[in-house]
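Structure first, then comments.
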Amino acid sequence: MAISVKSEILPLKKVMLQRPGRELEHLIPGELERLLFDDIPFLQVAQQEHDRFAEVLRENGVEVVYLDELVAQTLTDKALRKQFLNEFIDASGCVAQNYKKALLRYFDGIEDEKELVRKTMAGVSFPEIEDRRGSSLSSYLHNNTHFVLDPIPNLYFTRDPFACVGNGVTLHRMFSVTRNRETIYGRYMLQNHPDYQDKVPLYYTPNEPFNLEGGDVLNLSAEVLAVGISQRTMPEAIERLAENIFADENATIRTILAMDIPSMRAFMHLDTVITMVDYDKFVIHPAILDTLRIFELAPKGKGKVRVRELRKPLEAVLKEYLHLDEVTLIRCGGLDMIASQREQWNDGSNTLCIAPGKVIAYDRNYVTNQILEDYGISVLKIPSSELSRGRGGPRCMSMPLERKE
């Protein structure tokens with residue numbers, strides 16, 4: 001199978017990353033909020049940290065591929081390249097559309113496909129395209145800090161634009177307009193790359209009107225999918241997703257657990273407050289336990305979905321649906337509420353499990369990491385001073401493409 005992800009914890013075989021690039025250097029203070037950043041990472045150090053992340057994965061037998069390389073391999077056909085650029089510019093806002101001809105001329109001058117893809121990610125400033133001073137009102141008013149084509153600094157969080165679910169993929173409609181272009185890369189790769197073309201069913205597409213993001217999608221088992229109702233994923237999207245998955249006779253998922261978490265930036269996605277670290281162990285942010293509501297979505301006849309609220313605590317729900325005798329909820333930060341809030345903000349709950357009982361985590365979350373080790377979890381720590389400024393952890397930065405069955 002081209003895609004095979006039926007678990008959060010079974011041994012990871014292949015993963016897609018995106019190394020941070022010039023798009024981070026195109027962040028400026030006045031645009032941080034719009035581009036979903038709280039601070040400006042130091043690119044050189046962020047790249048070193050990301051390279052170590054990839055190195056740890058390879059050291060543990062995981063094949064690492066990169067989004068920009070996969071897209072570049074897809075765009076070797078000239079007609080497809082032209083189609084991609086036209087669509088990408090059209091999706092980049094009114095300023096880019098106003099300068100479409102100039103942008104197309106600029107991109108036509110880039111022969112190497114990988115360089116081209118990286119430039120669409122990094123953004124294009126006004127001084128980079130031909131001098132148009134005096135030819136339009138906008139050319140007088142845009143200065144050297146303005147972009148004709150906005151950068152996409154969130155790209156190193158490859159988890160969000162699409163999610164692998166079983167042998168299929170959910171391609172998302174993102175919460176923020178800033179991130180909508182990210183799904184274009186995934187769609188071209190999945191529909192045109194020889195490794196994936198005509199081999200991957202799509203359970204969701206950006207044509208849907210409801211927001212859905214990959215950080216809210218957790219493959220708890222081959223039969224059970226958890227999806228967060230969050231700041232960035234709507235309940236209507238989860239119902240539509242359930243309809244599409246249940247309609248696929250080859251899909252093994254028969255239950256979707258919709259988990260309603262607080263709609264706020266600190267919690268953002270489900271995987272910022274809970275991730276699976278072993279067959280029966282989860283690291284969680286304790287602040288969600290008192291307010292979490294869980295709903296079961298199950299097939300109800302042809303094309304219909306039955307929804308009911310499960311009025312049980314999280315631990316009981318996980319035991320029942322994963323057929324476990326016991327479940328251990330490991331608190332991010334332990335019983336220290338100050339450490340809990342601080343480390344959850346720095347993604348202490350956002351671990352990437354690469355095998356049962358073995359996770360990759362940010363080194364800065366030393367309280368939570370020690371607690372995980374006390375519970376018998378092997379924690380592979382990676383440097384994180386700059387990567388963490390983007391508000392995402394190792395799970396956010398990775399897109400598993402294959403796990404062992």
**OP:** Could you please let me know if Asp271 is assigned to a loop (DSSP other than H, G, I, E, B), open to solvent by less than 30 Å² (accessible area, probe 1.4 Å) and in contact with a Gly (Cβ under 7 Å, 6 or more places away or on another chain)?
**Re:** no
**OP:** Only residues that are on the phi > 0 side of the Ramachandran plot and either of a type in the set (Val, Ile, Thr) or under 21 Å from the mean Cα position of the chain (by Cα) (or both): list them for the stretch 356-405, please.
**Re:** Arg391
Original post:
Out of all the residues in the stretch 323-351, which are in contact (Cβ under 8 Å) with a residue 60 or more places away in the chain and of a type in the set (A, V, I, L, M, F, W, C)?
Top reply: Trp345
Original post:
Just one of Thr170, Thr255, Thr178 is in contact with a strand residue (DSSP E or B) (Cβ under 8 Å, 6 or more places away or on another chain) and either under 21 Å from Arg34 (Cβ atoms) or surrounded by fewer than 19 Cβ atoms within 10 Å (Cβ to Cβ) (or both); which is it?
Top reply: Thr255
**OP:** Could you identify the single residue in Asp271, Asp278 that is within 30 Å of Ala72 (Cβ to Cβ), charged (D, E, K, R) and in contact (Cβ under 8 Å) with a residue 60 or more places away in the chain?
**Re:** Asp271
**OP:** Please work out which one of (1) open to solvent by 10 Å² or more (accessible area, probe 1.4 Å); (2) touching a residue at least 12 places away in the same chain (Cβ under 8 Å) is the condition Ala79 fails and give its number.
**Re:** (2)
Original post:
Which number in (1) open to solvent by 10 Å² or more (accessible area, probe 1.4 Å); (2) at pLDDT 95 or above marks the one condition that Met189 misses?
Top reply: (1)
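Let's see how each residue does on (1) on the phi > 0 side of the Ramachandran plot; (2) in a loop (DSSP other than H, G, I, E, B); (3) at pLDDT 95 or above:
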{"site": "Val15", "(1), (2), (3)": "no, no, yes"}
{"site": "Glu25", "(1), (2), (3)": "no, no, no"}
{"site": "Leu36", "(1), (2), (3)": "yes, yes, no"}
{"site": "Asp39", "(1), (2), (3)": "no, yes, no"}
{"site": "Ala46", "(1), (2), (3)": "no, no, yes"}
**OP:** List the number of the failed condition for Gln73; all other conditions in (1) open to solvent by 60 Å² or more (accessible area, probe 1.4 Å); (2) out of contact with any helix residue (DSSP H, G or I) (no Cβ under 8 Å at 6 or more places or on another chain) hold.
**Re:** (2)
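The values are calculated or read from the model by the stated rules, or taken from the named source; none is laboratory data. Computed from a prediction, not measured in an experiment: that's the story for all the values here. Here the Cβ is made from the backbone with ideal geometry for all residues, glycine too, and neighbour counts use every protein chain on show. In case anyone asks, the SASA skips ligands and DNA or RNA and just uses the protein heavy atoms, side chains included. Shrake-Rupley method; radii C 1.70, N 1.55, O 1.52, S 1.80 Å.
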